[in-house]
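The values are calculated or read from the model by the stated rules, or taken from the named source; none is laboratory data. Quick caveat: nothing in here was measured; it's all calculated off a predicted structure. All Cβ positions, glycine included, derive from the backbone under ideal geometry; neighbour counts span all protein chains shown.
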């Protein structure tokens, strides 16, 4: 039952992220926005991460066998490390895109469409990431926790894009969007580092706190 819940959560993540990639690509084409395109790339990484999470959840749920007498639980730790790598990659893409916009600038069209699509993406990602957090806590799934973190990093990048689009629409200052995106990239890197540290702790079997050892 627990495995089924974890698999269902992973499947939901795949379906929702696939939808987000589609609407962001369409919005980037209609508006000509580089930042929305970068956000679509970020969501594509989310989609890859969701597939990896689904595979990790299924493998970790297998019972112990002759070659794996202690089970397959660490597969989720390995999956988490891979997802963190995608988080770092997404941060790099945001930085690259933001610097490119700072240098070259950009003129946008149909900004209203970009604003509505980005706002909708933020709401969807928040709902899905919160659901994944609940499932990860009830099933003790590091892979789902990492995926929830990855989706939340997408929320941060989408917020940067949304703020930039609103500022551009109100003031015409195209420089606002890439500046905010650079700040958010730093936050994403910090989140990724925290998950990476926790995942490596499970892989190398770090020493338990003294209070837990004495119980």
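Residue-level analysis places residue 138 among those that are in contact (Cβ under 8 Å) with a residue 40 or more places away in the chain, more than 15 Å from residue 111 (Cβ to Cβ) and out of contact with any helix residue (DSSP H, G or I) (no Cβ under 7 Å at 6 or more places or on another chain). In the condition set (1) assigned to a helix (DSSP H, G or I); (2) at pLDDT below 80, residue 66 is compliant with all but (1). Just one of the listed residues (185, 176, 146, 181) is crowded, with 19+ Cβ neighbours inside 10 Å, modelled with pLDDT under 85, farther than 22 Å from residue 25 by Cβ and in contact with a helix residue (DSSP H, G or I) (Cβ under 7 Å, 6 or more places away or on another chain), and it is 146. Check region 117-133 and report whether any residue there is farther than 20 Å from residue 24 by Cα, buried (at least 19 other Cβ atoms within 10 Å of the Cβ) and either touching a residue at least 40 places away in the same chain (Cβ under 8 Å) or touching a helix residue (DSSP H, G or I) at 6+ places or on another chain (Cβ under 6 Å) (or both). Among the residues of region 117-133, at least one is farther than 20 Å from residue 24 by Cα, buried (at least 19 other Cβ atoms within 10 Å of the Cβ) and either touching a residue at least 40 places away in the same chain (Cβ under 8 Å) or touching a helix residue (DSSP H, G or I) at 6+ places or on another chain (Cβ under 6 Å) (or both), which makes the answer yes. Taking the conditions exactly as written (within 14 Å of residue 128 (Cβ to Cβ) and part of a helix (DSSP H, G or I)), does residue 50 satisfy them or not? For residue 50, the condition - within 14 Å of residue 128 (Cβ to Cβ) and part of a helix (DSSP H, G or I) - is met.
Could you list, in sequence order, all residues of region 7-35 that are surrounded by 22 or more Cβ atoms within 10 Å (Cβ to Cβ), assigned to a helix (DSSP H, G or I) and modelled with pLDDT under 85? Within region 7-35, 9, 10, 13, 35 meet the criteria.
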